[in-house]
1. Give me the pairs, please: first residue somewhere in segment 29-46 and touching a residue at least 24 places away in the same chain (Cβ under 8 Å) and over 16 Å from Ser64 (Cβ atoms), second residue anywhere and loosely packed, with under 11 Cβ neighbours inside 10 Å and among the hydroxyl-bearing types (Ser, Thr, Tyr), beta-carbon distance under 9 Å, and either six or more positions apart or on two chains.
2. Would you mention how many residues in segment 1-13 are at pLDDT below 80 and surrounded by 10 or more Cβ atoms within 10 Å (Cβ to Cβ)?
3. Can you tell me which condition Val53 does not meet? The list is (1) farther than 30 Å from Ser3 by Cα; (2) under 19 Å from the mean Cα position of the chain (by Cα); (3) modelled with pLDDT of 80 or more, and all the others hold.
4. Determine if segment 14-26 includes at least one residue that is surrounded by 10 or more Cβ atoms within 10 Å (Cβ to Cβ), free of Cβ contacts under 8 Å to residues at least 12 places away in the same chain and β-branched (Val, Ile, Thr).
Amino acid sequence: MSSQEEILRDGRFSCVTRDPRFWEMPEKERKIKIDKRFRAMFHDKKFKLKYTVDKRGRPVNYTSTENLRKFYALSESDTDLSENESKEHAEKKKKKKTPKPKGEADS
């Protein structure tokens, strides 16, 4: 890393360290905030695509949902709601999958 230190000491590039245009973006500001209207895109099947190869033809094992989580975040007020809603969503799926006993009649 000595070459990088030499570059920063050079007078021509010394302004780079002080200029905010070249600073790294903070973690909190990197992701775009999504409100409660669009939170379904994190668990809806319409938004989920399974990729097998990347744009150069190399095999990959990830889905588009992982990319959504990488670039988007729920707004602060909606994070609590989304956690509760995801639990409710999982419980509804479990209830749907449990078969009814044949001896009971529907009312």
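1. Qualifying pairs under 9 Å: Asp35/Ser77; Lys36/Ser77.
2. The total comes to 2.
3. (2)
4. Yes, there is a match, as at least one residue in segment 14-26 is surrounded by 10 or more Cβ atoms within 10 Å (Cβ to Cβ), free of Cβ contacts under 8 Å to residues at least 12 places away in the same chain and β-branched (Val, Ile, Thr).
The values are calculated or read from the model by the stated rules, or taken from the named source; none is laboratory data. All figures in this text were calculated on a predicted structure; none of them were measured in a lab. For neighbour counting, all protein chains shown are included, and Cβ atoms are generated from backbone atoms with ideal geometry for every residue, glycine included.
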